[in-house]
Amino acid sequence: MKLEVKTLRYLTSDDFRVLTAVEMGSKNHEIVPVHLIIQTANIRHGNVQRCIAELARRNLVAKECTSKYDGYRLTYGGYDYLALRALSKRGTVVSVGNQIGVGKESDIHVVADADGHERVLKIHRLGRTSFRTVKNNRDYLQGRHTASWMYLSRLSATKEVAFMRVLKEHGFPVPIPYDHNRHCVVMEFVDAFPLRQITEVAQPGKLYAELMDLIVRLAQSGLIHGDFNEFNILIKESGVPTLIDFPQMVSTSHANAEFYFNRDVECIRTYFRRRYRYESALYPKFTRDATREFSLDVKVSASGFNRKQLKELDEYYAERGEIAEGEGSEDEDEESSDDQEEEDGTESETGSEEQTTSDDEEGKTKPPTATPTTMSVPLVDELVTIDKAVGALTISD
């Protein structure tokens with residue numbers, strides 16, 4: 001879903017009052033009746049009708065008809081605008097730049113705050129599905145309506161911020177979380193490459209050890225990342241890793257904690273063996289190394305993200321995992337293709353040479369490299385600036 005921020009310039013304060021009224025009505029109604037929107041917005045009847053028509057024209061709300069009444073539901077575009085307006089009023093996001101990433105459940109944009117500092121805006125979009133898996137997901141998706149996906153997206157953003165704050169306070173290499181509203185998170189812009197884009201490293205053994213140590217440190221603090229892979233690890237030019245993406249993080253007291261821990265470990269082992277030809281006999285085990293020394297999971301609960309919310313998200317990820325089982329993602333398909341090409345190239349150049357890198361040979365590899373264009377993320381020539389007074393947008397020179 002594309003973030004069309006330029007449309008915000010045309011919205012008035014009354015438009016946002018009506019949009020907020022639809023959001024509030026969505027808590028108890030899948031389709032919000034018009035009379036409830038009028039009552040909640042608390043503006044003149046004629047203005048409400050005009051605002052609804054304008055919002056519907058811009059796909060911020062969608063008209064739905066039932067056997068009992070006609071009403072409207074909030075779209076993800078409308079939800080985006082409500083979050084952006086709230087962030088702009090606080091000065092956290094005053095301009096929106098390029099989209100620098102898109103995943104199965106989030107969109108990533110470069111933004112700037114009131115002081116001109118570059119930040120990253122992560123928009124959680126749980127429930128997004130590809131055309132390839134629509135048939136398999138149909139029964140699952142029919143069990144939820146748009147409002148519930150927005151609710152889960154908001155929970156996902158809230159959970160991520162809660163974990164990031166606790167981890168940052170205790171010295172873990174994660175981005176600084178600055179602000180969040182609804183399903184949007186504003187965090188530090190980390191000048192680094194995703195591990196997935198780094199074809200060679202100078203010391204794979206050293207990086208491997210650092211990542212395994214990070215998994216163990218998290219477990220000793222009572223936490224398991226749950227999605228510890230090459231897509232969620234950023235490597236700075238200095239070689240220091242930064243961990244991102246925390247919605248799937250769980251406590252070591254979780255019923256499936258050992259499974260998630262071992263999966264994180266195996267993801268790194270498999271990736272290093274396949275991409276860097278490095279394999280070590282040393283790797284952490286849950287029963288031996290995940291001895292709890294701290295209880296950061298308890299601190300997260302104390303921060304306001306409670307067990308009920310954790311359970312709701314856990315159920316979503318469990319259901320999603322069952323649907324995806326046996327299906328290869330597009331990213332995985334592309335990765336397998338890339339790795340096969342690399343293997344073919346390596347065999348043609350090295351012949352019968354050993355593919356697995358030893359600790360003594362690791363200094364012979366090249367430093368981290370990546371295609372420069374993939375990391376070229378200026379704020380764009382034309383900045384879209386949010387007017388904090390009415391939540392509209394204007395184009396700055």
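Data for the structure
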read-out: Elements of type helices (runs of 4 or more DSSP H) contained in the range 1-109, each with 2 or more residues being under 29 Å from the mean Cα position of the chain (by Cα); value: 13-25, 45-57, 76-89
read-out: Counted residues, the range 191-234 - those being closer than 21 Å to residue 248 by Cα and either part of a loop (DSSP other than H, G, I, E, B) or not acidic (Asp, Glu) (or both); value: 26
read-out: Looking only at the range 313-336, and only at residues there that are outside any helix (DSSP H, G or I) and within 20 Å of residue 228 (Cβ to Cβ), the one that is modelled with the highest pLDDT; value: 325
read-out: All positions within the range 87-100 that are in contact with an Asp or Glu (Cβ under 9 Å, 6 or more places away or on another chain) and either among the polar types (S, T, N, Q) or surrounded by 15 or more Cβ atoms within 10 Å (Cβ to Cβ) (or both); value: 87, 88, 90, 92, 93, 94, 95, 97, 99
read-out: Filter result for residue 97 (farther than 22 Å from residue 154 by Cα, in contact (Cβ under 8 Å) with a residue 40 or more places away in the chain and in contact with a strand residue (DSSP E or B) (Cβ under 9 Å, 6 or more places away or on another chain)); value: yes
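So that you can scan it fast, the table gives a plain yes or no per residue for (1) among the aromatic types (Phe, Trp, Tyr); (2) touching a residue at least 12 places away in the same chain (Cβ under 8 Å); (3) within 16 Å of residue 159 (Cβ to Cβ); (4) not in a helix (DSSP H, G or I):
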site: 246; (1), (2), (3), (4): yes, yes, yes, yes
site: 255; (1), (2), (3), (4): no, no, no, yes
site: 258; (1), (2), (3), (4): no, yes, no, no
site: 268; (1), (2), (3), (4): no, yes, no, no
site: 272; (1), (2), (3), (4): yes, yes, no, no
site: 284; (1), (2), (3), (4): no, yes, no, yes
site: 301; (1), (2), (3), (4): no, no, yes, no
site: 308; (1), (2), (3), (4): no, no, yes, no
site: 311; (1), (2), (3), (4): no, no, yes, no
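Quick grid of which residues meet (1) acidic (Asp, Glu); (2) at positive phi; (3) surrounded by 19 or more Cβ atoms within 10 Å (Cβ to Cβ); (4) at pLDDT 50 or above:
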site: 112; (1), (2), (3), (4): no, no, yes, yes
site: 116; (1), (2), (3), (4): no, yes, no, yes
site: 121; (1), (2), (3), (4): no, no, yes, yes
site: 126; (1), (2), (3), (4): no, no, yes, yes
site: 129; (1), (2), (3), (4): no, no, no, yes
site: 140; (1), (2), (3), (4): no, no, no, no
site: 150; (1), (2), (3), (4): no, no, yes, yes
site: 153; (1), (2), (3), (4): no, no, yes, yes
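The values are calculated or read from the model by the stated rules, or taken from the named source; none is laboratory data. Nothing here was measured: the structure is a model prediction, and the numbers come from that model. Using ideal geometry, Cβ is built from the backbone for each residue, glycine included, and neighbour counts are taken over all protein chains shown.
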